[in-house]
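Asker: Structure incoming, see below.
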Amino acid sequence: MVDQISVERRSAVMARIKGKDTGPEVRVRKAAHAMGLRFRLHRTDLPGKPDLVFPKFRVALFVHGCFWHQHAGCRRASMPKSKTDYWESKLRRNVERDALVGPALELIGWRSVVIWECETNDPAGLASIIRERVLRNS
């Protein structure tokens, strides 16, 4: 299937996608801060370069985009209709890389937590998710 927009337009759209300070990530940061939790951002010395790190709890939190990390069962994780070979390969690599990060963090005594983009839309629910996933066993 042929792409519905021009190459230039597609390039402009893709160039606007950020790796840091995304909307979902900022929502998680605001919720965690409002709960009194303190954290560090994007620690490069930890495997996977977590979005938020809670040193007190030794928790590395990743805010995953549902599309980019292929959230199972989420409507946002659909496969593009054009250039399917490219996208399948790219998204599979992301998922494979994600699968390696958790065990690597465990080896050095950290716990890995994932919050999905679709889970960040409800502020009350997000606080509950953070409480459940970050503070459990702490």
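Asker: log₁₀ I(q)/I(0) of segment 21-134 at q = 0.14, 0.16, 0.22 Å⁻¹, via Debye over equal Cα point scatterers, no solvent, to two decimals?
Answerer: -0.59, -0.76, -1.26
Asker: To continue, here is another question. Using only helices, what value at 222 nm comes out for the chain when you add -39,500 (n - 2.57) per DSSP H run of length 4 or more and divide by the total residues, to the nearest 500 deg cm²/dmol?
Answerer: Per the formula, -13500 deg cm²/dmol.
Asker: Straight distance only, please: which aspartates and glutamates reach the Cα of residue 83 with their own Cα at less than 18 Å, same-chain residues fewer than 8 apart left out?
Answerer: 3, 8
Asker: Among DSSP beta bridges whose residues both lie in the chain, state the antiparallel percentage, nearest 5.
Answerer: For the chain, the DSSP antiparallel bridge percentage is about 45.
Asker: Now for a different question. If the cut-off is a Cα-Cα distance under 15 Å, which aspartates and glutamates reach residue 90, setting aside same-chain residues fewer than 8 apart in sequence?
Answerer: 98
Asker: Also, quick follow-up: Given contacts defined as C-alpha pairs under 8 Å and at least six residues apart, what's the relative contact order of segment 21-134, whole-number percent?
Answerer: 29 percent
Asker: If the reach is capped at under 29 angstrom between alpha carbons, list the lysines near residue 30, excluding any in the same chain fewer than eight residues apart.
Answerer: 18, 20, 49, 56
Asker: Against the longest alpha carbon principal axis of the chain, how many degrees, from 0 to 90 and to the nearest 10, is the axis of helix 123-134 turned?
Answerer: 60 degrees
Asker: Contour minus end-to-end for residue 86 and residue 8, with contour as 0.36 nm per residue of separation and end-to-end as the Cα-Cα distance?
Answerer: The span from residue 86 to residue 8 would gain 26.3 nm if fully extended.
Asker: Using a Gaussian network for the chain with springs between C-alpha atoms less than 10 Å apart, which of these wobbles most: 72, 124, 12?
Answerer: Comparing 72, 124, 12 in the GNM, the peak value goes to 12.
Asker: Sort 74, 66 so the one with the fewest other Cβ atoms within 10 Å of its own Cβ comes first.
Answerer: 74, 66
Read-outs throughout are calculated quantities, based only on the coordinates presented, and are distinct from any laboratory measurement. Please read all numbers here as calculations on a predicted model, not as lab measurements. Note that we place each Cβ from the backbone using ideal geometry, even for glycine, and neighbour counts take in every protein chain shown.
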